[in-house]
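Have a look at the structure below before the remarks.
Please treat every number below as a calculation from the coordinates, not as lab data. Note that the coordinates shown come from a computational prediction; the quantities given were computed from them, not determined experimentally. Ideal geometry is used to build each Cβ from the backbone, glycine not excepted, and the neighbour counts take in all protein chains shown.
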Amino acid sequence: MAWYDHAIIYQLYPKSFQDSNGDGIGDLNGIRARIPYLKALGITAVWLNPVFTSPQVDNGYDVANYYAIDPTMGTMADMDALIAAFHAAGIHVILDFVLNHTSDQHPWFQDALRGADSLYRDYYIFAGHEGKRPSNWGSFFGGSVWAPDPSGSGQSYFHLFDRRMPDLNWANPEVRHAMGDVADYWLQKGVDGLRLDAFIHIAKAKLDQDFPDAVPAATPVLAEPFYANLPQVQTWLRPFCRRLKTDYPDVFLLGEAASANVNLAAAYTAPDAGLMDSVVTFRYFPDDLSGLDPQLPTQYQEHPLDLPAFKQTQAVWQQTLAGLAQPTLYWSNHDMPRLGTRVAHSAQQAQSLAMLMYLQRGLPIIYYGEELGLTNLQLPDAAAFGDPTVTAFVTEATAAGMTPEAAVKLVSTTHKLPARGPMPWDDGAQRGFTTGTPWLTGAAAPVASVAAQAADPTSSLAFYQQLIALKKRPLFQDGDYHLLTTAETSYVYTRQLGSALAVVAVALGATTTVTLPQGHYHALLTSGAVHLAGPQLTLGEDAGVVLIREGAIE
Ligand code: NOJ
């Protein structure tokens, strides 16, 4: 059993956690000062979003130097002190490892721009000639994946994300080796795990083929079959991961596999695959698209969670990975609106959903502030998003009759950036996050601060502390998961270990009743109105409960 088989992970967005020097940007020393808070919360590992030197085009996912800390975050000495302090507190550290691309300011890319003679030209993907794009493939950040070589060769270079984030050429063994060295550097420092950012994209199909659906043919379109989950991803990463596992047998490899379905997730995480220990998929949350307004572009409209489909999805992931690997369990991250904005309409529902998610079999990843019930910020205007897709949406929505204010308000609930707001520590100026001006500002729903919630046994924070303590029990770590057949309006499962049995029951909306498996139960944790009468359990609207069967020994 490895340490990470029982990890309870806290995703910490360093820019927004705690500023220690008044520049409005969270930093490493700020995080270090808050370790007692994390310890009291009960989590056992943290995943830090990127902290390396970066022009911050994509909040640190554009790395210019993998071996140095971004000056806004601190120094390498601060990083060493932070890792040591986490370890002293018994908390494991997982770093974001950005391996699919670098910043265009990375010395490799700068050198590559010298032309065909550069030793680094083949570290990146240059193709085409006379300024013609090799294909119509679209970038995740809008527009084409191809950008003209600024040095005027007539070729284009490939970027799946922003044009200032050129993709590395993993077909080149030197790239694979160089990235292995980066991982080695951090693992030697004592880091316990790596989150492999966007690893499913490192392999690309033959570059000069158009995706068939585009109208007209040259329009950039998302072309995932040509650059996601191709078989070479596994071919190239297997020796890479094996090297890390050989040198650091305890290392935790957490892959970001956004579009992986459950079978791919199984392929990436099966113990004999020699790849990841666990993956994060974005396929966990099926959307209900029935309410979309056909007049508006779809991207930033609300996509409510389809709860019955979600229940089925969760059950399928639980069953498929049972006995094979640990699924990750999460509700939010920095790439999506927060739980309290996207799904839950009340703090109480958010707590029921947390209970539902995290007590399943797998590894919780709790996004910072979720434990407080934090929701998205409301940003002041389209420009504040710094994202051309938002400007385009607001323009189109306005043309379709929406006011610009309403459009910005809508995007504030559906875009990723407003989910990255500062942590509210207390009720003073800037809520204790900074003595300066926070890097991201906007109207925030009135969520009680850490200080206030810590003093209130009925707070969301207190609920999460209890939930995390429960998750640490062997029953919820190692017990089997079994889905109970109930109405669409509830999600009910058992966890069983030896003779110990717990039932986790959550209403997916209106009041509902559930017939429990035989036995006498008492509640370990409740959220909302719950009534137990013999085998009949009544859950009030959005309520949830964890019940333990009496008389068994865990
Ligand atoms: C996934 C990260 O989570 C996201 O924030 C980032 O924009 C892309 N990868 C590119 O690194």
ask   = When region 283-341 is examined, which residues are found to be within 19 Å of LEU359 (Cβ to Cβ), under 20 Å from the mean Cα position of the chain (by Cα) and either in a loop (DSSP other than H, G, I, E, B) or free of Cβ contacts under 8 Å to residues at least 12 places away in the same chain (or both)?
value = TYR284, PHE285, ALA325, GLN326, PRO327, TRP331, SER332
ask   = Considering only strands (runs of 3 or more DSSP E) fully contained in region 446-554, which possess at least 2 residues that are under 22 Å from LEU372 (Cβ atoms) and touching a residue at least 40 places away in the same chain (Cβ under 8 Å)?
value = 521-527, 544-549
task = Select from region 126-158 the residues that are out of contact with any Ser or Thr (no Cβ under 6 Å at 6 or more places or on another chain), in a loop (DSSP other than H, G, I, E, B) and within 16 Å of the ligand (Cβ to nearest atom) and list them in ascending order.
result = SER139, PHE140, PHE141, GLY143
key: Subset of region 388-404 that is assigned to a loop (DSSP other than H, G, I, E, B) and touching a residue at least 60 places away in the same chain (Cβ under 8 Å) - its residue that is surrounded by the fewest Cβ atoms within 10 Å (Cβ to Cβ)   = GLY401
note = Inside region 143-155, the number of residues satisfying the requirement of being surrounded by fewer than 16 Cβ atoms within 10 Å (Cβ to Cβ) and either closer than 17 Å to PHE226 by Cα or of a type in the set (S, T, N, Q) (or both) is 2
message = Just to be sure I understand, how many residues within region 99-142 are buried (at least 19 other Cβ atoms within 10 Å of the Cβ), farther than 20 Å from GLU224 by Cβ and of a type in the set (Lys, Arg)?
response = 1
request  = Give region 217-258 a look and list any residue that's away from the ligand (no atom under 16 Å from the Cβ) and either part of a loop (DSSP other than H, G, I, E, B) or in contact with a Ser or Thr (Cβ under 6 Å, 6 or more places away or on another chain) (or both), or say none.
outcome  = ALA217, ALA218, THR219, PRO220, ALA223, LEU230, TYR248, PRO249, ASP250, VAL251
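Table: residues versus (1) more than 16 Å from the ligand (Cβ to nearest atom); (2) in a strand (DSSP E or B); (3) touching a helix residue (DSSP H, G or I) at 6+ places or on another chain (Cβ under 6 Å).
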residue	(1), (2), (3)
ILE25	yes, no, yes
PRO71	yes, no, no
GLY74	yes, no, yes
LEU82	yes, no, yes
ASP96	no, yes, no
SER103	no, no, no
task = Determine which single condition ALA315 fails, assuming it passes every other condition in (1) surrounded by fewer than 19 Cβ atoms within 10 Å (Cβ to Cβ); (2) touching an Asp or Glu at 6+ places or on another chain (Cβ under 7 Å); (3) among the aliphatic types (A, V, I, L, M).
result = (2)
message = If I ask for residues that are at positive phi and within 18 Å of the chain's Cα centre (by Cα), which ones from region 24-70 would you list?
response = ASN59, GLY60
